[in-house]
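Taking it in order: structure first as structure tokens, then the write-up.
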Amino acid sequence: MSTLTARAIRTARLDLLPLRVEHAEEMAAVLSDPALHTFIGGSPDTPQALRSRYRRMTAGSPDPAVSWLNWVIRLRAEDCLTGTVQATVGPSGHGSLAEIAWVVGTPWQGRGIATEAARGLVDWLGQQPVQAVIAHIHPDHQASTAVATAAGLLPTDAWHEGEIRWLRRQE
């Protein structure tokens, strides 16, 4: 499998922009609500910590068979960043597999942004050499369950670290 590179993705209202270290300052504010960590643990990063994390993420995976793909979500109408989507693509027993995740800042939740971004990401992955898309979602996280469903993923019987594995096979 060749390494994939994040490219800009445009949806009806959003631009998914490849992550850059320069996004850290604005994203630290977007992701500053401790409630965003209810299901994933931890606490909000400072701008400095986020800058350091973004440096590592944009440097790419140390495994040449794995692609780390990260985007910030820009809401065009408000010209602001609202969250992130990501995909880690690597080999599996049945071709390449993309594990996706998303987060939208509290002020922008409930507006369909995560759903639109996740659909845009899954559609883009469908044009890549990816055979399946998975997400791991806490069983009590109803908003993420709705996003995964809207993006065409279905829950499986598999669990990973207390979360249900959701799956979509690509055609």
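Computed values, structure above
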read-out: Whether region 1-92 is rounded, prolate or oblate, judged on the alpha carbon gyration tensor where a/c under 1.5 counts as rounded; value: oblate
read-out: Per-pair calculated FRET efficiency, R0 = 25 Å: His160 and Asp63 via Cβ, rounded to 0.05; value: 0.85
read-out: Contour minus Cα-Cα distance for Asp140 and Glu26 (0.36 nm per residue); value: 38.1 nm
read-out: For region 31-39, Karplus couplings with θ = phi - 60° (6.51, -1.76, 1.60), whole Hz, Gly/Pro x; value: 9, 7, 6, x, 4, 5, 9, 3, 9
read-out: Sequence of Met27, Met57 from largest to smallest accessible area, 1.4 Å probe; value: Met57, Met27
read-out: Per-residue ³J(HN,Hα) for region 70-87, Karplus 6.51 cos²θ - 1.76 cosθ + 1.60, θ = phi - 60°, Hz, x for Gly and Pro; value: 9, 10, 9, 9, 10, 8, 4, 4, 9, 6, 9, 7, 10, x, 9, 10, 8, 9
read-out: Antiparallel DSSP beta bridges within the chain, percent to nearest 5; value: 90 percent
read-out: Accessible carbon and sulfur surface of the chain relative to its total accessible area, %, 1.4 Å; value: 52 percent
read-out: Values of log10 I(q)/I(0), in the order q = 0.15 Å⁻¹, for region 1-52 under a Debye, Cα-only, solvent-free model; value: -0.59
read-out: Rounded Å value of the spacing that divides the Cα centres of region 1-64 and region 114-171; value: 18 Å
read-out: Three-way shape call for region 39-171 based on the alpha-carbon gyration tensor, with the a/c threshold at 1.5; value: rounded
read-out: Solvent-accessible heavy-atom area per residue, rounded to whole Å², over the chain at 1.4 Å; value: 53 Å²
read-out: J(HN,Hα) series, region 88-95, from Karplus relation 6.51 cos²θ - 1.76 cosθ + 1.60, nearest Hz, glycine and proline x; value: 10, 10, x, x, 9, x, 10, x
read-out: Placed amide H near Gln170: partners under 5 Å, 5+ positions off or other chain; value: Ala132, Val133
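The values are calculated or read from the model by the stated rules, or taken from the named source; none is laboratory data. Note that the structure is predicted; figures quoted are calculated from it, not measured. Every residue, glycine as well, gets a Cβ built from its backbone with ideal geometry; the counts of neighbours run over all protein chains shown. The accessibility values were calculated without ligands, DNA or RNA, using every heavy atom of the protein model including side chains. Shrake-Rupley method; radii C 1.70, N 1.55, O 1.52, S 1.80 Å.
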